[in-house]
């Protein structure tokens with residue numbers, strides 16, 4: 001695979017001097033159109049030390065409008081990064097629409113290095129790479145175009161280059177002991193990198209291997225590929241602009257489904273609930289402190305129709321927790337910074353650190369519920385979301401975050417009763433909006449979409465718990481008890 | 001000062017039951033108006049353990065629309081927090097407009113605890129408190145209303161409360177060993193807290209001391225104060241809405257000023273510059289690595305007229321740095337998340353960690369330059385900004401961040417020449433906008449505002465360096481040399 005990048009590709013000076021002004025002009029023109037467009041560009045610069053990675057990035061800054069470019073390097077992880085799943089550090093610096101992010105080091109660095117140094121076996125490497133493919137496909141679908149450069153040098157050329165730099169008194173700082181340490185494993189690195197590149201060169205995000213010996217060749221190759229990416233992105237933007245607006249999807253309701261079959265008669269009296277909650281709270285407090293000590297995280301999701309009692313159930317949980325240990329995220333309309341990035345970004349940015357609890361009052365399931373039903377996204381967008389959500393939750397669970405998702409269900413009649421109660425109790429009126437009445441009319445479609453979402457995303461590590469919420473006391477106790485049981489099952493004594 | 005909160009304030013049950021529904025309704029109504037308003041509310045909950053802090057916060061969540069409230073607790077600092085100035089952790093969670101943040105622990109916690117445990121002397125405590133006063137005044141001016149509650153218990157009442165909680169099998173988790181450790185120093189805490197409260201109870205952000213023994217009294221007091229704050233904020237919002245829009249300020253130009261007196265003949269040939277830069281680059285690289293090892297940060301600010309060569313000078317710096325160690329922030333229009341918070345927030349969120357370099361291409365000085373001249377803010381806003389900027393830069397410097405601010409100056413004629421050159425060089429056209437031509441017409445006013453800004457914000461720890469930028473080579477060498485000299489002066493060998 002790397003052979004084609006060891007043949008001594010070169011560009012003559014006169015050709016270069018003729019091509020560069022044209023290329024710069026075209027690049028800038030494309031960048032300007034891009035700045036106002038609906039897509040982002042992520043450029044990954046990987047490869048062999050000494051092959052001109054930093055020089056290439058500097059060149060891009062010089063040839064383009066640097067104000068639209070952010071460069072990110074992934075150095076040692078901070079503790080805030082270590083206390084979240086590995087992909088968090090990349091999500092937090094995703095470029096917004098109209099902007100380009102350049103990444104030195106990327107989601108490829110760890111899988112390759114870990115395998116070279118024997119930390120992972122072949123199956124683990126393969127699994128990481130499969131996830132990378134999924135991740136990049138998602139980015140592409142979310143209009144983040146991924147452009148991957150691998151700067152290559154043959155073993156001989158790298159040795160030559162490192163030695164030459166070392167000899168130059170003014171350049172020797174560019175060579176570090178790590179460079180030589182890695183050079184000793186050149187052949188192994190080459191094999192593992194080749195495997196990684198082969199596995200992850202996809203239609204959406206192909207690798208471009210660039211021979212790193214000749215600076216002029218390197219510069220022209222990288223700039224030309226970047227120009228192509230901009231143009232491709234702009235062309236697609238045109239196509240997307242002309243396609244019909246997304247339309248609401250109304251899944252056909254099924255009269256008998258897992259939600260309609262819930263036993264809505266389940267109830268507890270105030271007194272019973274109070275007694276039970278008091279005991280459960282003492283346990284829950286102990287367990288959340290144990291969660292902290294054992295460095296695990298917990299993430300709870302609450303979904304369900306309006307007035308199903310999500311807020312009340314959440315308060316019954318937080319009452320028993322130390323305010324320093326939990327956060328409740330109420331999910332409403334995204335901000336413009338959020339809208340400019342893939343839809344999961346706003347949840348990644350609010351992930352709990354290890355030891356803490358984060359409770360989402362509504363969540364990323366909005367994608368397959370309200371966004372689907374109201375036509376806020378295209379059909380292909382909410383359809384691919386099931387797999388993306390599963391991948392997201394998998395990564396959280398694997399990292400040690402305990403996940404529970406609650407669906408609170410009540411009957412249409414009880415919802416009506418609560419709406420009316422809200423209308424008549426002054427301090428509850430704020431909870432009721434025109435939208436609630438509108439949503440109510442789509443009850444059956446919501447129920448069908450909810451059933452589909454629950455079916456397609458309930459996994460052993462991230463199960464859905466259906467809660468009969470016709471009686472508030474019953475629902476609250478069930479929620480707290482479920483959390484207690486789950487923590488008891490997972491945490492060590 | 002605390003005596004008034006030890007008299008046994010109580011509210012009878014029937015009074016409470018009569019008042020609560022009215023209060024809740026009024027609170028919600030106010031919160032709803034607040035949600036769409038131009039101000040934010042920050043509620044600090046401090047005081048004695050066992051005085052009902054957590055219970056009060058839970059109550060607010062219950063009585064109000066929890067979706068507009070975020071609670072933040074300041075637990076042990078993360079390494080990302082420790083590697084930035086102490087105030088960073090508060091800036092990162094400031095509430096946006098229309099939202100309320102509740103803070104358990106706050107910018108008061110460290111000053112009080114450090115003094116109680118003998119880490120700071122009286123002068124240091126006083127200095128911290130003076131800064132807090134400035135900070136809160138700034139928040140108030142930026143429309144973050146600060147509401148501060150101190151929940152108080154007498155020594156006897158606290159002891160009684162802690163013991164009672166311990167005895168209750170289901171409540172005993174609320175009492176930790178730290179609570180008893182702190183209780184032993186009750187009298188000292190009381191003295192220091194009293195001092196802190198007295199020093200920081202200002203017209204903009206008064207303290208409310210709440211007796212913590214009776215739950216009903218506590219709840220009514222806190223909720224009533226909160227309601228007053230909302231109403232006050234809404235009233236002011238009305239006043240603000242009716243006041244005239246800010247208007248541009250055109251300071252009278254002085255024909256002889258520090259910028260006009262720069263020697264614009266200073267120049268270097270390409271060859272000279274290249275030779276000098278090459279040597280400086282080797283030094284600079286070594287120094288930035290030493291910066292990293294010595295855990296200091298560096299922050300560089302670039303300001304100056306359009307086409308003064310800021311971008312080029314920045315590239316001459318970054319060429320010699322490791323891409324993993326620096327970030328260039330190009331400051332353009334704020335996002336909506338930024339606009340919803342005090343104007344310094346967007347800079348706090350981009351501060352370098354220790355060991356790193358952050359370069360701002362334009363900066364917080366926009367407040368006293370473009371915002372002043374274009375009428376984007378009121379006169380009182382840019383006038384108070386000088387002091388706010390000095391306080392901000394002080395805090396950075398004290399924390400170990402090396403600050404240098406460059407003003408690149410060129411003549412009007414040279415700017416014209418460069419604009420024309422940009423017009424005629426295809427790959428430079430992107431740098432020139434209509435706005436540049438418009439700004440050019442305000443040259444004299446810009447120059448006068450710049451002189452005022454430089455005069456009022458040049459301090460020993462954050463000096464302005466005026467750079468003669470008529471000749472690009474001269475300017476670039478001067479910038480790199482200044483940074484090298486500054487680092488050599490500050491870093492240990």
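Can you confirm whether residue B:282 is within 12 Å of another protein chain (Cβ to nearest Cβ), assigned to a loop (DSSP other than H, G, I, E, B) and either closer than 25 Å to residue A:175 by Cβ or at pLDDT below 90 (or both)?
In short, no.
Taking the range B:314-356, which residues are more than 12 Å from chain A (Cβ to nearest Cβ) and touching a helix residue (DSSP H, G or I) at 6+ places or on another chain (Cβ under 7 Å)?
B:342, B:343, B:344, B:345, B:347, B:348, B:351
Rundown of residues vs (1) out of contact with any strand residue (DSSP E or B) (no Cβ under 8 Å at 6 or more places or on another chain); (2) crowded, with 21+ Cβ neighbours inside 10 Å; (3) more than 12 Å from every other protein chain (Cβ to nearest Cβ), yes/no style:
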position	(1), (2), (3)
B:39	no, yes, yes
B:46	no, yes, yes
B:50	yes, yes, yes
B:59	yes, no, no
B:62	yes, no, no
B:69	no, no, no
B:82	yes, no, no
B:105	no, no, no
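Would you be able to say whether some residue in the range A:16-37 is within 19 Å of residue A:349 (Cβ to Cβ) and either within 21 Å of the chain's Cα centre (by Cα) or within 11 Å of another protein chain (Cβ to nearest Cβ) (or both)?
No, the conditions are met nowhere in the range A:16-37.
So which of A:349, A:295 ends up being at positive phi and surrounded by fewer than 18 Cβ atoms within 10 Å (Cβ to Cβ)?
A:295
Do you know which of the residues in the range A:88-97 that are under 20 Å from residue A:128 (Cα atoms) and part of a loop (DSSP other than H, G, I, E, B) is nearest to the other protein chains (Cβ to nearest Cβ)?
A:92
Given (1) over 23 Å from residue A:131 (Cβ atoms); (2) loosely packed, with under 15 Cβ neighbours inside 10 Å; (3) more than 14 Å from chain B (Cβ to nearest Cβ); (4) without any contact (Cβ under 8 Å) to a residue 60 or more places away in the chain, identify the lone condition not met by residue A:460.
If we test residue A:460 against (1) over 23 Å from residue A:131 (Cβ atoms); (2) loosely packed, with under 15 Cβ neighbours inside 10 Å; (3) more than 14 Å from chain B (Cβ to nearest Cβ); (4) without any contact (Cβ under 8 Å) to a residue 60 or more places away in the chain, just (1) comes out false.
Can you say whether residue A:111 is more than 13 Å from chain B (Cβ to nearest Cβ), over 25 Å from residue B:328 (Cβ atoms), in a loop (DSSP other than H, G, I, E, B) and in contact (Cβ under 8 Å) with a residue 40 or more places away in the chain, as far as the supplied structure shows?
no
When you scan the range B:358-378, do you find a residue that is assigned to a helix (DSSP H, G or I) and within 10 Å of chain A (Cβ to nearest Cβ), even just one?
No.
Consider residue A:124 carefully, then state whether it is surrounded by fewer than 20 Cβ atoms within 10 Å (Cβ to Cβ), part of a loop (DSSP other than H, G, I, E, B), out of contact with any helix residue (DSSP H, G or I) (no Cβ under 7 Å at 6 or more places or on another chain) and modelled with pLDDT of 90 or more.
no
If residue B:288 passes every condition in (1) touching a helix residue (DSSP H, G or I) at 6+ places or on another chain (Cβ under 7 Å); (2) part of a helix (DSSP H, G or I); (3) at the interface with chain A (Cβ under 9 Å from one of its Cβ atoms) but one, which one does it miss?
The number of the failed condition is (3).
Are any residues in the range B:317-330 assigned to a loop (DSSP other than H, G, I, E, B) and crowded, with 19+ Cβ neighbours inside 10 Å, and if so, which ones?
Hits for the range B:317-330 are B:320, B:321, B:322.
Any residue at all in the range A:76-87 that's under 23 Å from residue A:401 (Cβ atoms), at pLDDT 90 or above and part of a helix (DSSP H, G or I)?
No, the range A:76-87 has no match at all.
Every residue in the range A:143-185 that is surrounded by fewer than 20 Cβ atoms within 10 Å (Cβ to Cβ), assigned to a loop (DSSP other than H, G, I, E, B) and either at pLDDT 85 or above or in contact with a strand residue (DSSP E or B) (Cβ under 8 Å, 6 or more places away or on another chain) (or both), please.
Correct list: A:143, A:185.
Let's see how each residue does on (1) crowded, with 18+ Cβ neighbours inside 10 Å; (2) touching a strand residue (DSSP E or B) at 6+ places or on another chain (Cβ under 6 Å); (3) under 25 Å from residue B:363 (Cβ atoms):
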site: B:219; (1), (2), (3): yes, no, no
site: B:232; (1), (2), (3): no, no, no
site: B:238; (1), (2), (3): no, no, no
site: B:243; (1), (2), (3): no, no, no
site: B:256; (1), (2), (3): no, no, no
site: B:269; (1), (2), (3): no, no, no
site: B:300; (1), (2), (3): yes, yes, yes
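Residue by residue through the range A:333-346, note down the ones that are surrounded by fewer than 16 Cβ atoms within 10 Å (Cβ to Cβ) and in a helix (DSSP H, G or I).
The answer is A:336, A:337, A:339.
Return the pair list, or none, for Cβ contacts closer than 6 Å from residues in the range B:234-247 that are touching a residue at least 60 places away in the same chain (Cβ under 8 Å) to residues that are assigned to a helix (DSSP H, G or I), at least 6 apart or on different chains.
Qualifying pairs under 6 Å: B:234/B:33.
The values are calculated or read from the model by the stated rules, or taken from the named source; none is laboratory data. Quick caveat: nothing in here was measured; it's all calculated off a predicted structure. Cβ coordinates were reconstructed from backbone atoms using ideal geometry, including for glycine residues, and neighbour counts include every protein chain displayed.
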